[in-house]
1. What is the number of the single condition among (1) in contact (Cβ under 8 Å) with a residue 60 or more places away in the chain; (2) assigned to a helix (DSSP H, G or I); (3) over 15 Å from the mean Cα position of the chain (by Cα); (4) farther than 27 Å from residue 187 by Cβ that residue 113 does not meet?
2. Give me the pairs: first residue in region 59-75 and on the phi > 0 side of the Ramachandran plot and surrounded by 13 or more Cβ atoms within 10 Å (Cβ to Cβ), second residue assigned to a loop (DSSP other than H, G, I, E, B) and among the polar types (S, T, N, Q), beta-carbon distance under 7 Å, and six or more apart or on different chains, which are they?
3. Which numbered condition in (1) at pLDDT 90 or above; (2) surrounded by fewer than 18 Cβ atoms within 10 Å (Cβ to Cβ); (3) of a type in the set (Val, Ile, Thr) is the only one that residue 124 fails?
4. How many residues does region 178-226 contain that are charged (D, E, K, R) and within 21 Å of residue 69 (Cβ to Cβ)?
5. Can you name the residue in region 151-168 that is out of contact with any Leu (no Cβ under 9 Å at 6 or more places or on another chain) and not hydrophobic (A, V, I, L, M, F, W, C) and is also farthest from residue 227 (Cα to Cα) among such residues?
6. Please find, within region 185-235, the residue that is nearest to residue 126 (Cα to Cα) out of those that are touching a residue at least 40 places away in the same chain (Cβ under 8 Å) and aromatic (Phe, Trp, Tyr).
7. Looking at region 162-175, can you tell me whether even one residue there is more than 30 Å from residue 67 (Cα to Cα) and assigned to a loop (DSSP other than H, G, I, E, B)?
Amino acid sequence: MFQIFKEHKGFGKQIFLLAVNDLKKTYKGAAIGPLWAVIKPAFTLFVYWFAFAIGLRSGKGVTFDGELYSTFIFLLVGFVPWFFMNDSITLGAKSIRMNRQFVTKVSFPVSTIMTFTAVARLFVHIFLFVIMYVVLLLDKSTNILTPSVYNLQFFFYCPLMFAFFVALTWSTAPMAAFSKDFESMIVSVMAGVFWISGIIYNSYNMDNKVVETIMLFNPINFFANGYRKAFLSGEWFFENPVELCIFLGEFLLVFILGLWNYKRLRKTLPDVL
(Lines give C-alpha, C1' and ligand atoms only; values in the text may rest on other atoms or scores of the structure.)
Protein backbone atom coordinates (compact mmCIF):
# COMPACT_ATOMS: atom_id res chain seq x y z
CA MET A 1 0.00 0.00 0.00
CA PHE A 2 2.77 2.43 0.94
CA GLN A 3 4.61 1.56 -2.28
CA ILE A 4 1.59 2.49 -4.39
CA PHE A 5 1.04 5.70 -2.44
CA LYS A 6 4.74 6.51 -2.82
CA GLU A 7 4.51 5.94 -6.57
CA HIS A 8 1.63 8.42 -6.78
CA LYS A 9 3.31 11.08 -4.63
CA GLY A 10 4.42 13.98 -6.78
CA PHE A 11 2.82 12.54 -9.94
CA GLY A 12 -0.52 14.35 -9.71
CA LYS A 13 0.19 16.70 -12.62
CA GLN A 14 1.59 13.89 -14.78
CA ILE A 15 -1.46 11.71 -14.09
CA PHE A 16 -3.77 14.55 -15.16
CA LEU A 17 -1.80 15.23 -18.36
CA LEU A 18 -1.57 11.53 -19.22
CA ALA A 19 -5.31 11.16 -18.68
CA VAL A 20 -5.96 14.03 -21.09
CA ASN A 21 -3.52 12.49 -23.58
CA ASP A 22 -5.26 9.13 -23.20
CA LEU A 23 -8.56 10.74 -24.19
CA LYS A 24 -6.90 12.43 -27.17
CA LYS A 25 -5.52 9.09 -28.35
CA THR A 26 -8.94 7.48 -27.97
CA TYR A 27 -10.61 9.95 -30.34
CA LYS A 28 -7.62 10.72 -32.55
CA GLY A 29 -8.49 10.74 -36.24
CA ALA A 30 -12.23 11.09 -35.63
CA ALA A 31 -13.82 14.04 -37.43
CA ILE A 32 -15.97 14.98 -34.43
CA GLY A 33 -13.37 13.92 -31.87
CA PRO A 34 -14.48 13.94 -28.21
CA LEU A 35 -18.14 14.20 -29.18
CA TRP A 36 -18.03 10.43 -29.61
CA ALA A 37 -17.84 10.27 -25.81
CA VAL A 38 -21.46 11.48 -25.84
CA ILE A 39 -22.74 10.05 -29.12
CA LYS A 40 -21.83 6.43 -28.36
CA PRO A 41 -23.54 6.33 -24.91
CA ALA A 42 -26.51 8.30 -26.25
CA PHE A 43 -27.01 5.83 -29.09
CA THR A 44 -26.67 2.84 -26.72
CA LEU A 45 -29.24 4.37 -24.39
CA PHE A 46 -31.59 5.04 -27.30
CA VAL A 47 -31.33 1.42 -28.50
CA TYR A 48 -32.22 -0.01 -25.08
CA TRP A 49 -34.99 2.54 -24.53
CA PHE A 50 -36.46 1.71 -27.94
CA ALA A 51 -36.19 -2.05 -27.28
CA PHE A 52 -37.86 -1.94 -23.87
CA ALA A 53 -40.24 1.02 -24.12
CA ILE A 54 -41.32 0.61 -27.73
CA GLY A 55 -40.41 -2.90 -28.87
CA LEU A 56 -41.41 -4.74 -25.69
CA ARG A 57 -44.12 -2.17 -24.96
CA SER A 58 -43.05 -1.45 -21.40
CA GLY A 59 -43.84 2.20 -21.94
CA LYS A 60 -45.72 2.39 -18.66
CA GLY A 61 -42.36 2.83 -16.97
CA VAL A 62 -40.35 1.16 -14.20
CA THR A 63 -41.15 1.16 -10.49
CA PHE A 64 -38.25 1.95 -8.15
CA ASP A 65 -38.63 2.42 -4.39
CA GLY A 66 -42.40 2.52 -4.77
CA GLU A 67 -42.42 5.29 -7.40
CA LEU A 68 -43.06 4.97 -11.12
CA TYR A 69 -40.48 6.45 -13.51
CA SER A 70 -40.41 6.61 -17.28
CA THR A 71 -38.30 3.89 -18.87
CA PHE A 72 -36.00 6.49 -20.41
CA ILE A 73 -35.26 8.26 -17.11
CA PHE A 74 -34.77 4.97 -15.26
CA LEU A 75 -32.31 3.74 -17.89
CA LEU A 76 -30.53 7.09 -18.13
CA VAL A 77 -29.61 7.23 -14.45
CA GLY A 78 -28.45 3.60 -14.48
CA PHE A 79 -26.46 3.88 -17.70
CA VAL A 80 -24.35 6.91 -16.67
CA PRO A 81 -22.44 5.00 -13.93
CA TRP A 82 -22.49 1.82 -16.05
CA PHE A 83 -20.49 3.44 -18.87
CA PHE A 84 -17.81 4.43 -16.38
CA MET A 85 -17.73 1.03 -14.67
CA ASN A 86 -17.64 -0.91 -17.93
CA ASP A 87 -14.81 1.19 -19.39
CA SER A 88 -12.90 1.17 -16.11
CA ILE A 89 -12.97 -2.63 -16.02
CA THR A 90 -12.27 -3.37 -19.70
CA LEU A 91 -9.83 -0.53 -20.46
CA GLY A 92 -8.31 -0.75 -16.99
CA ALA A 93 -7.41 -4.39 -17.61
CA LYS A 94 -5.74 -3.42 -20.90
CA SER A 95 -3.99 -0.35 -19.47
CA ILE A 96 -0.54 -1.83 -18.79
CA ARG A 97 -0.38 -3.66 -22.11
CA MET A 98 -1.56 -0.54 -23.97
CA ASN A 99 1.04 1.62 -22.19
CA ARG A 100 3.89 -0.86 -22.13
CA GLN A 101 6.40 1.85 -23.06
CA PHE A 102 6.09 3.23 -19.54
CA VAL A 103 7.08 -0.16 -18.14
CA THR A 104 9.80 -1.30 -20.53
CA LYS A 105 11.50 1.90 -21.75
CA VAL A 106 11.37 4.43 -18.92
CA SER A 107 11.45 4.41 -15.16
CA PHE A 108 7.80 5.07 -14.41
CA PRO A 109 5.53 4.19 -11.44
CA VAL A 110 3.43 1.39 -12.93
CA SER A 111 0.48 1.79 -10.55
CA THR A 112 -0.16 5.29 -11.93
CA ILE A 113 -0.93 3.76 -15.35
CA MET A 114 -4.16 2.27 -13.99
CA THR A 115 -4.90 5.57 -12.23
CA PHE A 116 -4.59 7.88 -15.23
CA THR A 117 -6.61 5.42 -17.33
CA ALA A 118 -9.41 5.64 -14.76
CA VAL A 119 -9.07 9.44 -14.52
CA ALA A 120 -9.58 9.69 -18.30
CA ARG A 121 -12.81 7.68 -17.94
CA LEU A 122 -13.78 9.89 -14.99
CA PHE A 123 -13.61 13.00 -17.20
CA VAL A 124 -16.11 11.39 -19.58
CA HIS A 125 -18.27 10.26 -16.66
CA ILE A 126 -18.52 13.76 -15.20
CA PHE A 127 -19.44 15.15 -18.62
CA LEU A 128 -22.19 12.55 -19.04
CA PHE A 129 -23.33 13.18 -15.47
CA VAL A 130 -23.80 16.89 -16.21
CA ILE A 131 -25.91 16.03 -19.25
CA MET A 132 -27.94 13.56 -17.17
CA TYR A 133 -28.53 16.15 -14.46
CA VAL A 134 -29.71 18.75 -16.96
CA VAL A 135 -32.13 16.20 -18.46
CA LEU A 136 -33.50 15.44 -14.99
CA LEU A 137 -33.94 19.14 -14.25
CA LEU A 138 -35.83 19.65 -17.49
CA ASP A 139 -38.01 16.58 -17.03
CA LYS A 140 -41.45 17.45 -15.70
CA SER A 141 -42.03 14.18 -13.82
CA THR A 142 -43.11 14.92 -10.27
CA ASN A 143 -41.46 11.71 -8.98
CA ILE A 144 -37.93 12.94 -9.73
CA LEU A 145 -36.29 14.48 -6.68
CA THR A 146 -33.89 16.73 -8.58
CA PRO A 147 -32.70 19.19 -7.44
CA SER A 148 -32.57 17.87 -3.90
CA VAL A 149 -30.21 17.51 -0.98
CA TYR A 150 -30.07 13.80 -1.84
CA ASN A 151 -28.21 14.75 -5.03
CA LEU A 152 -25.17 15.54 -2.88
CA GLN A 153 -24.64 11.79 -2.59
CA PHE A 154 -22.97 12.02 -5.99
CA PHE A 155 -19.91 13.15 -4.05
CA PHE A 156 -20.08 9.89 -2.09
CA TYR A 157 -20.86 7.42 -4.86
CA CYS A 158 -18.60 8.86 -7.57
CA PRO A 159 -15.29 8.92 -5.62
CA LEU A 160 -16.11 5.55 -4.06
CA MET A 161 -16.83 4.08 -7.50
CA PHE A 162 -13.56 5.51 -8.83
CA ALA A 163 -11.53 4.10 -5.92
CA PHE A 164 -13.18 0.67 -6.11
CA PHE A 165 -12.44 0.13 -9.80
CA VAL A 166 -8.91 1.51 -9.58
CA ALA A 167 -8.24 -1.01 -6.80
CA LEU A 168 -9.75 -3.72 -9.00
CA THR A 169 -7.32 -2.89 -11.82
CA TRP A 170 -4.38 -3.44 -9.46
CA SER A 171 -5.24 -7.12 -9.93
CA THR A 172 -6.65 -7.26 -13.46
CA ALA A 173 -4.13 -5.06 -15.31
CA PRO A 174 -0.97 -7.00 -14.27
CA MET A 175 -2.74 -10.33 -14.85
CA ALA A 176 -3.94 -9.21 -18.30
CA ALA A 177 -0.38 -8.14 -19.11
CA PHE A 178 0.73 -11.73 -18.42
CA SER A 179 -2.14 -13.33 -20.35
CA LYS A 180 -4.05 -11.89 -23.27
CA ASP A 181 -6.61 -14.67 -22.72
CA PHE A 182 -7.38 -13.13 -19.34
CA GLU A 183 -7.93 -9.77 -21.02
CA SER A 184 -10.27 -11.34 -23.58
CA MET A 185 -12.12 -13.16 -20.82
CA ILE A 186 -12.83 -9.88 -19.01
CA VAL A 187 -14.28 -8.31 -22.17
CA SER A 188 -16.48 -11.37 -22.71
CA VAL A 189 -17.62 -11.56 -19.09
CA MET A 190 -18.61 -7.88 -19.03
CA ALA A 191 -21.16 -8.52 -21.78
CA GLY A 192 -22.91 -10.91 -19.41
CA VAL A 193 -22.37 -8.81 -16.28
CA PHE A 194 -24.52 -6.09 -17.84
CA TRP A 195 -27.56 -8.37 -17.84
CA ILE A 196 -27.08 -9.61 -14.27
CA SER A 197 -26.74 -6.08 -12.92
CA GLY A 198 -29.61 -3.72 -12.21
CA ILE A 199 -28.89 -1.41 -15.11
CA ILE A 200 -32.10 -1.97 -17.07
CA TYR A 201 -34.39 -3.31 -14.32
CA ASN A 202 -35.15 -2.82 -10.65
CA SER A 203 -33.07 -5.41 -8.77
CA TYR A 204 -34.93 -4.60 -5.52
CA ASN A 205 -38.19 -5.93 -6.90
CA MET A 206 -37.55 -9.43 -8.23
CA ASP A 207 -39.90 -12.42 -8.03
CA ASN A 208 -37.17 -14.70 -6.71
CA LYS A 209 -36.09 -13.38 -3.30
CA VAL A 210 -32.96 -15.56 -3.26
CA VAL A 211 -31.77 -13.95 -6.50
CA GLU A 212 -32.74 -10.54 -5.13
CA THR A 213 -30.48 -11.17 -2.13
CA ILE A 214 -27.62 -12.39 -4.32
CA MET A 215 -27.88 -9.18 -6.32
CA LEU A 216 -26.81 -7.28 -3.22
CA PHE A 217 -23.34 -8.76 -3.72
CA ASN A 218 -22.97 -7.14 -7.15
CA PRO A 219 -20.95 -3.90 -6.76
CA ILE A 220 -22.13 -2.64 -10.16
CA ASN A 221 -25.67 -3.03 -8.90
CA PHE A 222 -24.73 -1.06 -5.78
CA PHE A 223 -23.63 1.99 -7.76
CA ALA A 224 -26.41 1.91 -10.35
CA ASN A 225 -29.04 1.81 -7.61
CA GLY A 226 -27.08 4.35 -5.60
CA TYR A 227 -27.34 6.90 -8.39
CA ARG A 228 -31.07 6.22 -8.66
CA LYS A 229 -31.51 6.75 -4.94
CA ALA A 230 -29.58 10.01 -5.14
CA PHE A 231 -31.36 11.48 -8.18
CA LEU A 232 -34.74 9.77 -8.37
CA SER A 233 -36.27 8.30 -5.24
CA GLY A 234 -34.40 10.21 -2.56
CA GLU A 235 -32.79 7.77 -0.14
CA TRP A 236 -29.55 8.07 1.82
CA PHE A 237 -26.82 5.49 1.25
CA PHE A 238 -26.87 4.45 4.92
CA GLU A 239 -30.59 3.65 4.93
CA ASN A 240 -29.81 0.14 3.66
CA PRO A 241 -27.01 -0.88 6.06
CA VAL A 242 -26.93 -4.52 4.91
CA GLU A 243 -26.21 -3.59 1.30
CA LEU A 244 -23.66 -0.97 2.39
CA CYS A 245 -21.81 -3.40 4.70
CA ILE A 246 -21.70 -6.05 1.96
CA PHE A 247 -20.17 -3.55 -0.46
CA LEU A 248 -17.62 -2.27 2.06
CA GLY A 249 -16.59 -5.87 2.74
CA GLU A 250 -16.13 -6.44 -0.99
CA PHE A 251 -14.19 -3.19 -1.29
CA LEU A 252 -11.79 -4.31 1.45
CA LEU A 253 -11.33 -7.69 -0.24
CA VAL A 254 -10.69 -6.13 -3.67
CA PHE A 255 -8.25 -3.66 -2.08
CA ILE A 256 -6.23 -6.36 -0.32
CA LEU A 257 -6.18 -8.68 -3.34
CA GLY A 258 -5.16 -5.76 -5.53
CA LEU A 259 -2.20 -4.93 -3.31
CA TRP A 260 -1.15 -8.59 -3.17
CA ASN A 261 -1.37 -9.12 -6.94
CA TYR A 262 0.39 -5.89 -7.76
CA LYS A 263 3.23 -6.66 -5.36
CA ARG A 264 3.86 -10.19 -6.66
CA LEU A 265 3.66 -9.28 -10.38
CA ARG A 266 5.14 -5.78 -10.54
CA LYS A 267 8.83 -6.72 -10.84
CA THR A 268 8.32 -9.26 -13.62
CA LEU A 269 6.17 -7.04 -15.85
CA PRO A 270 9.10 -5.56 -17.88
CA ASP A 271 10.29 -9.06 -18.83
CA VAL A 272 6.78 -10.18 -19.81
CA LEU A 273 6.06 -7.10 -21.93
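1. The failed condition is (4).
2. Pairs found: 61/70.
3. For residue 124, the failing item is (2).
4. Number satisfying all stated conditions: 2.
5. Out of the qualifying residues, it is 159.
6. Here the residue is 227.
7. no
For every residue, the table says whether it meets (1) under 27 Å from residue 7 (Cβ atoms); (2) modelled with pLDDT of 95 or more.
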site: 173; (1), (2): yes, no
site: 204; (1), (2): no, no
site: 249; (1), (2): yes, yes
site: 263; (1), (2): yes, no
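The values are calculated or read from the model by the stated rules, or taken from the named source; none is laboratory data. All values derive from a computational prediction rather than experimental measurement. FYI the Cβ positions are ideal-geometry reconstructions off the backbone, even for glycines, and counts take in every protein chain you see.
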